[in-house]
Each structure stands twice: as structure tokens, then as C-alpha cells.
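Here's the structure, in C-alpha cells; my notes come after.
The values are calculated or read from the model by the stated rules, or taken from the named source; none is laboratory data. Keep in mind it's a predicted model, so treat the numbers as computed, not measured. In this analysis, Cβ positions are derived from the backbone assuming ideal geometry, glycine residues included, and neighbour counts consider all displayed protein chains. Accessible surface is based on the protein model in full, side chains and every heavy atom, while ligands, DNA and RNA are left aside. Shrake-Rupley method; radii C 1.70, N 1.55, O 1.52, S 1.80 Å.
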Amino acid sequence: MKPIVLVLFVAAGAFAAPSVVLNEYSENELPRSNSLTERAFGLIDGGDVNIHILNLQAVLKDLSERDPRSQALAFGQTLGVLVDLATGIPGDSCASAALINAYAAGVKSGNFSGFRSVLYNFVHQLASNLKLIVKLASNPASVRFSTGPSGNCLGSGRSYQFEAAWDAILSSSSSSRSNNVGATITALSLPPVAQVLEAAGESTSHLLRAVASGYDASAAAASASKALLRAVERIQL
């Protein structure tokens, strides 16, 4: 398990590809919380979480205690993972796999012309699916027997260019649940997506704080969705 944890720690710095510019908040705007991601993951039934996901939770907790940019990545990735774990029956990894493959192809060819539409689709799906976290926090029974988001792609998104994607992520640095979460965390670590999460960091932190505190998170989820959609519209590739 150590190589996975170490790779994710190194990848924490993989925020900005030189061609991507986004900055919507000052360094003092993101609230610090040593237990915010941990409390949010408390919504999930621990009996349904394997060792891979437990390791990832520990990494995200550590990341959330660092600088504001690292916090923004930790908050956004936590939300993405919670979406995957919210439903009793997993969905698929179609959107994440498509994003990873499109980015890896762009790095290889130097042509990102087809990447933008895939990026929009991924972020729009994430924004739309935040409502699953609200349901999990307010009424766990409402999602316990439901099925997660599905993109109906070939192989349910189980085949994606993991190694090529992580090579790109690192080079820019100064069972089905495991597959879904692995694809999601990889997609959320890609430099353009990390920039979206950075720009939306204030709103995603408010959403995590609401669900972790047991408050009605509907308004916070709507605000976070809008922030993510605004951020992806401003991405320059």
C-alpha cells in the first residue's frame, strides 16, 4: 500500500500546467480544519470501505491540513469520492475514464482540442451529483439501495490510461468501488481539474462543513455546483 500513498502525496503539488491559469481566491479565504474531510467521510458506512479507500482518506486528511491550494484539492477530491461511495450500489467510472484517456491522449499528441468537452462533461457530472452527498447526510436510507451515476460506456470505464495520466500529473508538480474511486481520484488530480477545484475551493469547503456538521446542505451543494461550473468555463487550455 505504501507506493499508492506516496504517489498521492507527491501528486498533491500537481496543480497547474503552464497553459492553465485560474485564481479566484486569496490564501486567507479557505477555512482550516484538521478534521473536516475525516468528519465528512464519517457519513460512509465503514464496513463498506476497504483498505485502499481508508488509505486514501488518510492522505486527504493530511492534504487538508496543508496550504490553501492543497486544501482545495483535498476538499474537491473528498467530494468526488463521497459521490462514488454515497450509493449502496456503485455506478460506473465512465466520466472519469473518459477524462483520463482524453488528457493522456492530449499529452501524447500535444493537441488538447478534444479535451475541453470531456472536461466540461466530467465537472458538470460532479456538480450535478453533489446532491447525492446531501441525501446521504440528511437521509442515508434514501441512497442506501440506489445505484450510482452511470455513463453506459464500454466496460463501465474499467479501462483507462492510469500510468500515463499519473506520469503527466507528477511531471507537472514542483472490486468496483475501488475502481470507481481510483478513476475518480486520478481524474480529480489532473492539472486542469485541480485548477477547477482550486477556484471552487471556498464553496466546496462550505459544503463539506455543512454535511460534516449535520446541517441542511442543500444550499451549500447548490453553491458548490455553481462554483464548479463557473470555474470550468474559465479554464484556458
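Among the residues of segment 148-171, at least one is more than 14 Å from residue 193 (Cα to Cα), part of a loop (DSSP other than H, G, I, E, B) and of a type in the set (Lys, Arg). Here residue 81 passes the criteria (1) over 21 Å from residue 200 (Cβ atoms); (2) modelled with pLDDT of 90 or more except the one numbered (1). Taking segment 76-102 as the range and being of a type outside the set (A, V, I, L, M, F, W, C) and touching a strand residue (DSSP E or B) at 6+ places or on another chain (Cβ under 7 Å) as the test, the residues that pass are 87, 91. Inspect all residues belonging to segment 84-93 and state whether any of them is among the hydrophobic types (A, V, I, L, M, F, W, C) and under 13 Å from the mean Cα position of the chain (by Cα). There is at least one residue in segment 84-93 that is among the hydrophobic types (A, V, I, L, M, F, W, C) and under 13 Å from the mean Cα position of the chain (by Cα). Does residue 76 meet the test of being open to solvent by less than 40 Å² (accessible area, probe 1.4 Å) and under 22 Å from residue 203 (Cβ atoms)? In short, yes.
Only one entry in 128, 113, 156 is open to solvent by 50 Å² or more (accessible area, probe 1.4 Å), hydroxyl-bearing (Ser, Thr, Tyr) and on the phi > 0 side of the Ramachandran plot, namely 156.
In segment 181-201, the count of residues that are more than 14 Å from the chain's Cα centre (by Cα), under 26 Å from residue 106 (Cα atoms) and in a helix (DSSP H, G or I) is zero. Is it the case that residue 209 is open to solvent by 20 Å² or more (accessible area, probe 1.4 Å), within 16 Å of residue 99 (Cβ to Cβ), basic (Lys, Arg) and out of contact with any strand residue (DSSP E or B) (no Cβ under 6 Å at 6 or more places or on another chain)? Criteria not met by residue 209.
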